[in-house]
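**Student:** Starting off with a structure, shown below.
The values are calculated or read from the model by the stated rules, or taken from the named source; none is laboratory data. Bear in mind the structure is a predicted one, so any value in this text is a computation, not a measurement. Don't worry about glycine lacking a Cβ; one is built from the backbone with ideal geometry, like all the others, and counts go over all protein chains shown.
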Amino acid sequence: MAFPLRSGCRNAWFWQDEELNQQGEMNMTVMGDLEINLKMRKENKMLKKVLVFIVGVAIALSMVGIGVSADAPAMNPKVKEMLDSARAAIKMVKPEAVKAAIDSKEKAIFLDVRDGGEFAAGHLPGAMNISRGTLEFVVFGKIPDQSSKIYVYCKTKARSALATKTLNDLGFKNAVLMDASYEDWVKAGNPVER
């Protein structure tokens with residue numbers, strides 16, 4: 001059993017162990033505030049280093065794009081079949097035709113079906129954003145004229161293929177898929193808005 005003994009030193013504690021050492025003397029241990037503070041500081045420095053390392057790794061991974069894209073087609077054969085079926089059923093246009101429509105100010109809708117954050121980071125000039133996940137629920141309120149010409153695009157042409165098929169099924173027969181991803185559009189030096 002240990003208990004504190006008073007000492008002449010301020011903020012120092014002596015702990016007396018009931019066991020005797022080999023010489024028959026009681027063991028006394030001094031553990032002052034300074035010792036405790038130094039020990040805690042070393043532990044805090046180590047904790048800070050670990051946290052900095054973890055944050056650094058997380059930032060590095062996010063910068064190199066590790067992870068699954070929201071638009072990456074799944075490897076599941078049923079999903080691949082669904083995408084192939086949608087692409088076979090819809091009309092596609094080259095990105096040059098979409099650029100010409102933008103340049104000539106064609107009365108058309110350029111529909112970005114990516115999520116809001118992706119859209120805010122950059123999109124085709126004059127584009128409208130309806131996320132693929134909400135398309136069926138909001139399209140009639142945002143595009144009341146079902147005969148409108150609609151150019152649909154997304155990050156990799158997966159969501160946009162499904163969206164174009166859905167639009168056609170809902171009666172928007174002039175909805176076509178831009179046969180290029182948004183990334184391809186940007187790499188080609190085409191105009192974007194932010």
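**Student:** Go through Ala175, Ala120, Ala163 for me and flag whichever is of a type in the set (Gly, Ala, Ser), more than 17 Å from Pro95 (Cα to Cα) and in contact with a Leu (Cβ under 6 Å, 6 or more places away or on another chain). Even if it seems obvious, please write down each step before you answer.
**Tutor:** Numbers: Ala175 fails: more than 17 Å from Pro95 (Cα to Cα); Ala120 fails: in contact with a Leu (Cβ under 6 Å, 6 or more places away or on another chain).
Residue meeting the stated conditions: Ala163.
**Student:** From the set of residues in segment 123-158 that are surrounded by 15 or more Cβ atoms within 10 Å (Cβ to Cβ), under 22 Å from the mean Cα position of the chain (by Cα) and not hydrophobic (A, V, I, L, M, F, W, C), which is nearest to Tyr182 (Cα to Cα)?
**Tutor:** Residue satisfying both the conditions and the ranking: Lys155.
**Student:** Quick check on my filter: what residues within segment 110-138 are in contact with a helix residue (DSSP H, G or I) (Cβ under 9 Å, 6 or more places away or on another chain) and not in a loop (DSSP other than H, G, I, E, B)?
**Tutor:** Phe110, Leu111, Asp112, Glu118, His123, Met128, Asn129, Leu135, Glu136 - these are the residues of segment 110-138 that are in contact with a helix residue (DSSP H, G or I) (Cβ under 9 Å, 6 or more places away or on another chain) and not in a loop (DSSP other than H, G, I, E, B).
**Student:** Residue check, Gly141 against (1) small (Gly, Ala, Ser); (2) part of a helix (DSSP H, G or I); (3) in contact (Cβ under 8 Å) with a residue 24 or more places away in the chain, all met but one. Which one?
**Tutor:** Failing condition for Gly141: (3).
**Student:** Follow-up. Among (1) charged (D, E, K, R); (2) buried (at least 16 other Cβ atoms within 10 Å of the Cβ); (3) part of a loop (DSSP other than H, G, I, E, B), there is one condition Lys165 misses while meeting the rest; what is its number?
**Tutor:** Going through (1) charged (D, E, K, R); (2) buried (at least 16 other Cβ atoms within 10 Å of the Cβ); (3) part of a loop (DSSP other than H, G, I, E, B) one by one, Lys165 breaks only (3).
**Student:** Can you tell me which residue within segment 83-111, out of those that are out of contact with any Lys or Arg (no Cβ under 8 Å at 6 or more places or on another chain) and closer than 13 Å to Leu167 by Cβ, is surrounded by the fewest Cβ atoms within 10 Å (Cβ to Cβ)?
**Tutor:** Checking each candidate, the answer is Lys91.
**Student:** Looking only at segment 100-113, count how many residues are under 18 Å from Asn190 (Cα atoms), within 29 Å of the chain's Cα centre (by Cα) and not aromatic (Phe, Trp, Tyr). Talk me through it step by step, then tell me what you get.
**Tutor:** Here is the first cut: in segment 100-113, the ones under 18 Å from Asn190 (Cα atoms) are 100-106, 108-112.
Still in the running and within 29 Å of the chain's Cα centre (by Cα): 109-112.
Remaining after also requiring not aromatic (Phe, Trp, Tyr): 109, 111-112.
Counting residues in segment 100-113 that are under 18 Å from Asn190 (Cα atoms), within 29 Å of the chain's Cα centre (by Cα) and not aromatic (Phe, Trp, Tyr) gives 3.
**Student:** If Asn190 satisfies every condition in (1) touching a residue at least 60 places away in the same chain (Cβ under 8 Å); (2) under 18 Å from Met82 (Cα atoms); (3) of a type in the set (S, T, N, Q) but one, which is the exception?
**Tutor:** Here Asn190 clears every test but (2).
**Student:** Quick one: in segment 55-81, of everything that is at pLDDT 80 or above and surrounded by 10 or more Cβ atoms within 10 Å (Cβ to Cβ), which residue is farthest from Arg159 (Cα to Cα)?
**Tutor:** Pass one, segment 55-81, residues at pLDDT 80 or above: 76-81.
Those left that are additionally surrounded by 10 or more Cβ atoms within 10 Å (Cβ to Cβ): 79-81.
On the way: Val79: 12, Lys80: 12, Glu81: 14 Å.
Filtering segment 55-81 for residues that are at pLDDT 80 or above and surrounded by 10 or more Cβ atoms within 10 Å (Cβ to Cβ), the one farthest from Arg159 (Cα to Cα) comes out as Glu81.
**Student:** Filtering segment 168-194 down to residues that are part of a helix (DSSP H, G or I) and acidic (Asp, Glu), which residue is surrounded by the most Cβ atoms within 10 Å (Cβ to Cβ)?
**Tutor:** Applying the filter and picking the extreme gives Asp184.
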